[in-house]
Every structure is written in structure tokens, then in C-alpha cells.
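The values are calculated or read from the model by the stated rules, or taken from the named source; none is laboratory data. Remember, predicted model here, so these are calculated numbers, not experimental data. Every residue, glycine among them, receives a Cβ derived from its backbone with ideal geometry; neighbour counts consider all protein chains shown. Just so you know, the surface numbers come from the protein's heavy atoms only, side chains and all, with ligands and any DNA or RNA stripped out. Shrake-Rupley method; radii C 1.70, N 1.55, O 1.52, S 1.80 Å.
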Amino acid sequence: MKIAVLPGDGIGPEIVAEAVKALQALDLRFELETAVVGGAAFEATGHPLPEATLKLAKAADAVLFGAVGDWKYDKLERALRPEQAILGLRKELGLFANFRPAICHAQLTDASSLKPELVAGLDILIIRELTGDIYFGQPRGRRSAPDGHFPGAEEAFDTMRYSRPEIERIAHVAFQAARKRGGRLTSVDKANVLETFQFWKDVVSEVHAQYPDVQLDHLYVDNAAMQLVKAPKQFDVIVTGNMFGDILSDAAAMLTGSIGMLPSASLDADNKGLYEPSHGSAPDIAGKGVANPLATILSAAMMLRFSLNQEEAATRLEAAVQGVLEGGLRTGDIASAGCRVVGTQAMGDAVAARLRAQR
Ligand code: IPM
Ligand code: MG
């Protein structure tokens, strides 16, 4: 099992190190190879996604990714900014299906900003289309000055676009995921205003004919945002476009107590994938050893399940995280009364120790 390890920027290297530690505590053999990505790659090679990194990612069975980005690159032309690395990887590897589960661990109901009864037992799955939409419309960012900004310009625009095959394939992924869970799918759009999302809604409805056992609902994105914080447990699986999925998944993350808890999987048509926490590089806390590594560790569990066919190991890893939380260990972002607050490494050590103890 070949894994490309791309730590990236900010807290990326710290949290990825803990996920690697957890993987190594399993009784499995991995071939891990690390490469630079994002701002770190720009510093080393002049490009956020160097050819060698892309090649490594393409050759691997799965990619374990940390995070990219730092404010200090805001003055670079867009094509050289760290974010282009993750967008480029998604596009180049054809990772169109992004799974962002939002699960509220029983021990963390107090850490959520919502009332405990609203989030206790929460288990929803956001499926975000990841290689289309306004993120990849043309001519994206082509008109800015070399520093990526628009001095003296009168307008700027991005194009929102989806093709039928792009919507159909993510719809199939979503219906199949819903079928394996609670059998309910909510498609989120903005069909009342945008042509792109009227089309989205129509195509998802057409695909539904092949999944009569799944209950399909449609929701406008503004209403979906409201419902997510009003009564999040009403959802089972949500499927939506790239842009709305970006926004709604951050909102859903907070329901679970902290965005530091939310893993993600980005899959291609053959379940090859890239696994990353849903949060960013958090440059403000980078190097302080306080970041929560659990989103990355849980992403590694998703990697074991989806790309490496190691369901049993995935379950063990998730159980180890659960056990550590039950034992009262918390990073600062999920701290609550009566718990012991630890740093990034101690949290990773605790997960690894549990895995070793089970062996
Ligand atoms: C995410 C991030 C990325 C996105 C950024 C870093 C480009 O916010 O994965 O949600 O917008 O997709
Ligand atoms: Mg985001």
C-alpha cells in the first residue's frame, strides 16, 4: 500500500505526523513517501504543485494531505498561490467526489456551539462535487495583475458551469452512499436564481429514477444553511456543488464541536483518493503544537476504508480515537470541564498507544 504523504503548510506537518504515527501503530505495512506541496513547495521549487509531487500522488494508492495556505502568499499571482496545489491535485487526479461526514462524538456534545440536544448523536454526510462549478469555470482569475489583484479594474468575474456527466456521476455516488446509510438524500441547489443549479436539480431528479429506494428532497442552499443550524439531525446525506459544499461543510463541521474533528475523502471514479482534514493550515497556531490532529487521523481511517480496502483497520482506528475521547483527553479546540487538555503530539501518542494495546 503506497501512500503519498503531503504535509503542506501551517499546522499541516504537525497533524500529518500524528496521522502517520497512528498508521504505523497498526499492524499493516505501508510504503510512505513524503513530498512538498503548497507554500512549502513554492519556497522549495517556485511552484505550489511541483511535477515530482504530482507524479508521486498519481503513482500512489492514496494521498494523505495536510493543509496549504498562508496569508504571506496573498501578494502572489493566483497560479502560484498555495491553494492552487490542492485545486490542481483534485483536478489532475479526477477527485470529483468529496465526502465530508459530520459526526458528533458523544463526548463532544458540550464542545458544539449548538445546544447538546440538537447535536447529540448527529451523523450526517455531506457529499461535495469537487472538480466543477464556479471553482473551475473559465476564465477564472485570468484577468488579474501579476500580484493577483485588480488595481484600477472595473470588473472581475467567474463562471459557474456544470455539465450533465459531471452532475450525473456525483448524483450516482450520492444515491449509492444514501442507500448504504439511512436511505435519504437532500440535493442542495439555488435553482430559484441560477440556471446552473436548475440544471443540477433536473439532472439529480432524473438520476433518482434509478434509485427508487432512496428518498430524494431538494433544498435551496440558503434554507439548507438555516436547517443545518436549526435541526441538523433531519439530514442523512446531502449532495451539492463545489461552492455550496465548501460553505455548508464548514458550517456542519462546527456542529461536531470543532472543525478540528472533521475528516474528508476526495475520491475518483475508482475510489482512489486524497484524504485531508476539512480545516485549513491555521498559520496562527502553526508550530505551537496545539492543533487538533484528530481530523487528519480520522481522514487516515477513511483512507484505509475507501482506498486501501482495510475496513477492519479503519474501524479500529476510529475506535481508538473514540477511546481517547472517552478517556477525557482533549486538544484546546474541544476542551471542556473535567477534561485533560493536551497538545498535538500527546493526542497522537494516545491514539497510537491505544492501537498498540489492542494488537
Ligand atoms: C476546502 C478548502 C479549499 C476549498 C481551499 C483551501 C482551496 O476551503 O477544502 O474546503 O475551497 O475547496
Ligand atoms: Mg473549505
Karplus-derived 3J(HN,Hα) from phi for the stretch 185-201 (6.51 cos²θ - 1.76 cosθ + 1.60, θ = phi - 60°), whole Hz, x at Gly and Pro, runs 10, 10, 9, 9, 9, 9, 5, 6, 10, 9, 4, 3, 8, 5, 4, 3, 4
Modelled FRET efficiency - R0 30 Å, residue 120 with residue 311, Cβ distances, 0.05 increments:
0.70
Tell me, what is the 1.4 Å probe accessible area of residue 115, in Å² to the nearest 10?
130
Which semi-axes, in whole Å and largest first, does the equivalent ellipsoid of the stretch 205-344 have when worked out from the alpha carbon gyration tensor as the square roots of 5 times its eigenvalues?
29, 20, 15
Translational D in µm²/s for the chain (Stokes-Einstein at 10 °C, 1.306 mPa s, Kirkwood Rh from C-alpha pairs):
76
Restricting the stretch 249-324 to trypsin sites (Lys or Arg not before Pro) in coil, as DSSP defines it, with at most 15 other Cβ within 10 Å:
288
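Below 8 Å between Cα atoms, with a sequence gap of 6+, how large is the relative contact order for the chain in percent?
In percent, rounded to a whole number, it is 23.
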Exposure rank, largest accessible area first [261, 254, 160; 1.4 Å]:
254, 160, 261
Give me the distance between the Cα centres of the stretch 293-324 and the stretch 64-137, rounded to whole Å.
18
Sorted by chain and number, the residues with a modelled amide H under 5 Å from that of residue 34, at a separation of 5 or more or across chains, are 5
For residue 218, residues with placed amide H under 5 Å, excluding near neighbours:
187
Between the stretch 24-45 and the stretch 167-201, what is the separation of their alpha carbon centroids in Å?
34
Amide H contacts under 5 Å for residue 281, restricted to residues at least 5 apart in sequence or on another chain and with H modeled in the peptide plane, are 68
What is the Cα coordinate range of the stretch 113-256 on the first, second and third principal axes, sorted by size from largest, in whole angstrom?
51, 39, 23
Reachable aspartates and glutamates from residue 58, criterion Cα separation under 17 angstrom, eight or more residues apart if same chain:
31, 33, 92, 268, 270, 276
Would you mind getting the accessible area per residue of the stretch 39-193, heavy atoms of the protein chains only, 1.4 Å probe, in Å²?
46
In order over the stretch 83-96: 3J(HN,Hα) from phi, Karplus 6.51/-1.76/1.60, θ = phi - 60°, whole Hz, x for each Gly or Pro, gives 4, 5, 5, 6, 5, x, 4, 4, 5, 5, 8, x, 7, 7
Take residue 270 and residue 149, extend 7 Å from each Cα along the Cα→Cβ direction, and tell me the distance between the two endpoints in nm.
4.5
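Find me the longest stretch of the chain that has none of the exposed GluC sites (Glu not before Pro), where exposed means in a DSSP loop (not H, G, I, E or B) with at most 12 other Cβ atoms within 10 Å. Numbers along the way, then the final one.
Details: sites that count: 154, 155.
Segment 156-359 is the longest.
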Rounded to 0.05, the calculated FRET efficiency for the beta carbons of residue 55 and residue 181 at R₀ = 51 Å is 0.90
Count of Lys pairs (Cα-Cα under 20 Å; at least 8 positions apart or interchain) in the stretch 113-256:
5
Per-residue HN-Hα couplings for the stretch 294-305, Karplus 6.51 cos²θ - 1.76 cosθ + 1.60 at θ = phi - 60°, whole Hz, x for Gly and Pro?
5, 4, 6, 5, 5, 5, 5, 5, 4, 4, 4, 6
Antiparallel versus total DSSP beta bridges in the chain: what percent is that, nearest 5?
35
With T = 4 °C, eta = 1.567 mPa s and Kirkwood Rh from C-alpha pairs, the Stokes-Einstein D of the stretch 49-164 in µm²/s is about 74
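Which percent of the accessible heavy-atom area of the stretch 255-359 goes to carbon and sulfur, probe 1.4 angstrom?
48
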